Amino acid sequence: MSFRLKTIIGIALIELVLLAILVFSGLNWLRGSNEQQIELDGELLSSTFAIATRDAIISTDLANLNAFTQDAIANKNIVYINVKNDEGRLLAGASSLPDDKHTPNYDQRPSESEDDIYDIRTNVVIDEWKVGEIEFGLNVSSFNALLYNAQKYAVAIAALEIVLVALFSLAFGSLLTKQLLKLQTGAKRISENGPGDTVPVKGNDEVAQVTRAFNDMSIALDHSYTEISHEKNRYKVLADQNMMLAEIVEQSHEAILVTNKEGKIQRVNHAFSKIFGYKEDGILNKRIMPLLFRQSMDTSPAHCISDAIENASIAMVKAQCLNHENVAFWTEITVFPIKNYSGNVERLAFIVRDVTDNHEFETKLKEAVTRAESATKAKSEFLANMSHEIRTPMNGIIGMSDMLQETPLNREQQGFTDIINSSARDLLYLLNDILDFSKLEAQKLSLQEEYFCLRKVVEETMTMISIDAAKKDLMLAIDIDPALKTEAYGDGFRLRQILNNLLVNAVKFTEHGYIKLIVTGSEDLAKNRVDYTFCIEDSGIGIPESKINDITTAFQQVDGTTSRRYEGTGLGLAITQRLLTLFNGTLHIESKENHGSQFWFTIRLPLLGENRSTKFALDGKNIAIINADPLHRAIFNRYFAHWCANIQYLNNPESISKGQTRYDVAIVLLSNNVSLPPSITCPVIGVTPHIEDRTPHTDDAGITLISKPIRMHVLLREVLHALNQKPLPMLEPSSDSYRPKFPDKIKKMSIVVVDDISYNREVIRVYLSELEPNIQFLSNAQQAFEQYKHRPFDILLTDVSMPDRDGYELTQQLRRYEHEHQIPPASIVGLSAHAGRQDFNRAIEAGMDSYLTKPIVREDLTEALIKACRARQALLANNAQS
Ligand code: ADP
């Protein structure tokens, strides 16, 4: 039976019962109350009759009684009336009944009469003495009709109500079942399609709320369902991974064991049985340590592994194990803890790799490396010694050939000495290259840190190659960003070497055109550093694309044939590349055959304060530049813009006086086609192509000449000079003078030179001939010390390697003596054939003030002496003051 039917029947039954009770009790009450009224009325009427007829009965006044009954019967409610005497004889009577069929029943209640007559009998009493009786029947048809009607309407109303209730419950039931039906359809859909479906819902009644709850449940179910399916997928993936890992473990060539926290074996793979020879069943639940280290539990690998088990930590050891046949083999054991999903260590995994072959190989390799290292050391030592041994005689060759060149020679002899000199210098360069390369290869070369002037390094390196460049008529240009900070801290010596290698190559491989060195910088103020980029550009023969990557490899040359045109060892770029690696830089090469090359690199150095800027140095000045080629125009543009001067390029000197502009200075780039005209209205600076004239000087007509490559500070200094302006302090010519002259003060100083080799002393004698009267040449340390004790000298030049007592010892001895006798320390300059940084450091540690390497370059020696002299003067002046 459907819910709707049940509802309808249920409601109808309840309604029926309630209505029946209501109708029944209502009718009962109606009948009871009316009956009571009829009975009361009947009693009243009968007693009234009794009183009224009492006397007539006693007197048997029939006429009166008749009249009386006739009057009574006239009342419509009285159907019949009989007046009887005490013996029951009818005295008078009247009836409105059509026949006399009515049988009175005085025990009946009004509602019980079937013929609508309620029979009443009353005794007529006088002083409790019955004198007669009166019988009459009351018409109760209206009462019965009332009852009947009441019954009829009550039933009708009840029936109507039942119908209405039935209809309502039908409608209500339908509504309810309709919503329930929707719910049912929704539930069915969910069961077919899975959760997530919802039933459309309207209103806010309980059913709607149930439906909403149902929808919420469906969505919640959907989420759970999705989560469950994700979980299921994850589980599947995990199961897959698990299987995969199990397979990997099983197929691994390395023995894999899993133990519990106490180190008792729980699982092993196939490789374990293969490597150790034990069956899995036989070793399960056994401790791993005795199995791995059967005989050597007190070794450090065993301790390491047992510590790892105890602390559930990771360890990796190399150890010798024994298999079940007691055969030893080398293993690499890795142990690590395995955590469960709550992060607690439950197991430990051991991976054991048989490395017997590797071990043997390693042992052999180590032996080979040791042998190689000692061979390399021996080689380095040999090279260092060789370099020293070769340098010493070469010092003689170069020095002597220098000296020879200064003696009167005929043309042929001059040619021979030139060749001796240049060959010796070439040999020296080669030697230095080989030494550097072997040091770099042995990783024995490290960068030093010192303050140096980047501009000076660049300009001097460029100057070094300028003679060779001039021989080929190559144009040289230095293009340093004028705003660049050039006070640097790092290994200026090695930077110079890198630049030199690249520039020497540029000259070597360029027949026509130019070589340009461009220096730019990018400052990172936050990190306090500058990235300097150096680019060496030439217009030479270039490098075929296929060779670019190879040429930085040692001994690689584009043309490696014996008939090659360009000489060289193929070491320059290899050294450069390796040196740059020490600077954390890389050499970049861009080149096109027959179209020139560009070599560039970037090095990072710390940022050192502000440079003394030359900005605005020529503020508002008008400068004429005559005969400038495009290469130099680019540089002039940059320089003069920085100095805030106005420049005008002119093609010939004559144009200066032609135009409107009044020039403050004219710069003329001299060439075969352009020479200085006799009269120019403004001061003139000539730029000569003759590279040999490195120091600015004046020509016969008093015009200042500077040489190429144009050095920024020289140019500015000379322009300021031409403008009669005060020279800027940073433009002091210290680094620019090619051959420094001895100041007069040095000539008053006493100088001692100690060298055991006579021709070395001879070389120095020639170089310092200007100072001759004050110099004393000695051949051993003892003589020098004795001399010092006898009369302390100002400056000592000492060879460091001498028999008996070397220069280091002599220095230490002198320093001790000075200390003991409170003598102002002499300036000591070491002279050595050892060019290494450690030799320099050793000299300084011994107490020397500076150090020169042989073969001694005249300019270096002069400079070192000038410095020593200045230091000595300052010291003596200080001492005099105090
Ligand atoms: P070397 O110059 O002694 O031969 P390097 O290592 O300095 O050795 O150079 C290797 C080779 O690279 C040179 O032989 C030359 O073929 C090529 N090379 C180097 N610099 C240049 C350049 N500026 N122009 C053309 N080729 C160059």
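All of the numbers you see were taken from the coordinates with simple rules; none came from a lab. Since the model is a prediction, treat every value here as computed from it, not as a measurement. In this analysis, Cβ positions are derived from the backbone assuming ideal geometry, glycine residues included, and neighbour counts consider all displayed protein chains.
Within 10 Å of each residue's Cβ, count the other Cβ atoms and sort T552, T661 from fewest upward. Write down the numbers at each step before the final one.
Working: T552 20, T661 12.
Taking fewest neighbouring Cβ atoms as first place, the list is T661, T552.
Fewest Cβ neighbours within 10 Å first, please rank S313, S229 accordingly. Intermediate values should be presented prior to the final figure.
Working: S313 14, S229 11.
Ascending Cβ contact count within 10 Å gives the list S229, S313.
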PRE zone check, label point 7 Å out along Cα-to-Cβ of I126, amide N under 16 Å, scope the range 80-107, hits 84-87
Given a Förster distance of 56 Å, the FRET efficiency implied by the Cβ-Cβ spacing of M217 and R604, rounded to the nearest 0.05, works out to 0.25
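Which net charge results for the neighbourhood of E593, defined as the other residues with beta-carbon distances under 11 angstrom from its beta-carbon, given Lys and Arg at +1 and Asp and Glu at -1? Don't skip to the answer; put the middle values down first.
Numbers: positive: K547, K592; negative: E545.
It works out to a net charge of +1.
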Compactness summary of the range 290-331: radius of gyration and Dmax from Cα atoms, Å, are 10.5, 32
Evaluated at 10 °C and 1.306 mPa s, the Stokes-Einstein D of the range 252-354 based on the Kirkwood radius over Cα pairs, in µm²/s, stands at 118
Taking a ≥ b ≥ c as the square roots of the Cα gyration tensor eigenvalues, with a/c under 1.5 meaning rounded and otherwise prolate when a/b beats b/c or oblate if not, the range 744-881 comes out rounded
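Quick check: residue separation of D418 and R371 times 0.36 nm, minus the Cα distance between them. What number comes out in nm?
Numbers: separation 47, 0.36 × 47 = 16.92 nm, distance 4.46 nm.
My answer for the length gained is 12.5 nm.
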Karplus ³J(HN,Hα) for the range 837-845 (6.51 cos²θ - 1.76 cosθ + 1.60, θ = phi - 60°; Hz, whole; x = Gly/Pro) runs 5, 5, 5, 4, 4, 4, 5, 5, 4
Once phi for every residue in the range 425-442 is put through the Karplus expression 6.51 cos²θ - 1.76 cosθ + 1.60 (θ = phi - 60°), the whole-Hz ³J(HN,Hα) values, with Gly and Pro written as x, are 5, 4, 4, 5, 4, 4, 4, 4, 4, 4, 5, 4, 4, 5, 5, 5, 4, 7
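Can you tally the net charge around D491? Count Lys and Arg as +1, Asp and Glu as -1, for every other residue whose Cβ sits under 12 Å from the Cβ of D491. Please list the in-between numbers first.
Numbers: positive: R494, R496, R837; negative: E449, E450.
Neighbourhood net charge equals +1.
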H303 and H588 label points (each 7 Å along its Cα→Cβ direction) are spaced in nm at 5.5
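Restricting to bridges with both residues inside the chain, how much of the DSSP beta-bridge set is antiparallel, in percent to the nearest 5?
Values: 79 of 120 bridges.
Among the beta bridges of the chain, antiparallel pairing accounts for roughly 65 percent.
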Residue-ordered couplings for the range 62-77, obtained by feeding phi - 60° into the Karplus form 6.51 cos²θ - 1.76 cosθ + 1.60 and rounding to whole Hz (Gly and Pro as x), are 4, 4, 4, 5, 4, 4, 4, 5, 5, 4, 5, 5, 5, 5, 4, 6
Most packed first (mean Cβ within 10 Å per residue), the peptides 202-215, 623-636, 33-46, 407-420 order as 623-636, 33-46, 202-215, 407-420
Computed curve, the range 78-191, Cα-only Debye sum without solvent term, log₁₀ I(q)/I(0) at 0.13, 0.14, 0.21 Å⁻¹, is -0.70, -0.76, -1.10
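Find, among the GluC sites (Glu not before Pro) in the range 96-188, those assigned to loop by DSSP (not H, G, I, E, B) with at most 16 other beta-carbon atoms within 10 angstrom. Intermediate values should be presented prior to the final figure.
Numbers: sites: E112, E114, E128, E133, E135, E161; in loops: E114, E128.
Within the range 96-188, the qualifying GluC sites (Glu not before Pro) (loop, at most 16 other Cβ atoms within 10 Å) are E114, E128.
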Given 495-508, 388-401, the highest-first ranking by average Cβ count within 10 Å works out to 495-508, 388-401
The FRET efficiency for N651 and A877, from their Cβ-Cβ distance with R0 = 60 Å and rounded to 0.05, is 0.60
So the pair-distance distribution of the range 466-570, from every Cα-Cα distance in 10 Å bins, comes to percents of 12, 38, 32, 15, 3, 0
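Stokes-Einstein at 4 °C, 1.567 mPa s, Kirkwood radius from Cα pairs: D for the chain in µm² s⁻¹?
Details: Rh = 42.1 Å.
Result for D is 31 µm²/s.
May I ask you to sort Y532, Y808, Y489 by Cβ crowding, counting other Cβ atoms within 10 Å and putting the fewest first?
In increasing order of surrounding Cβ atoms, one gets Y489, Y808, Y532.
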Full extension between I338 and T60 adds, at 0.36 nm per residue less the Cα distance, a length in nm of 86.4 nm
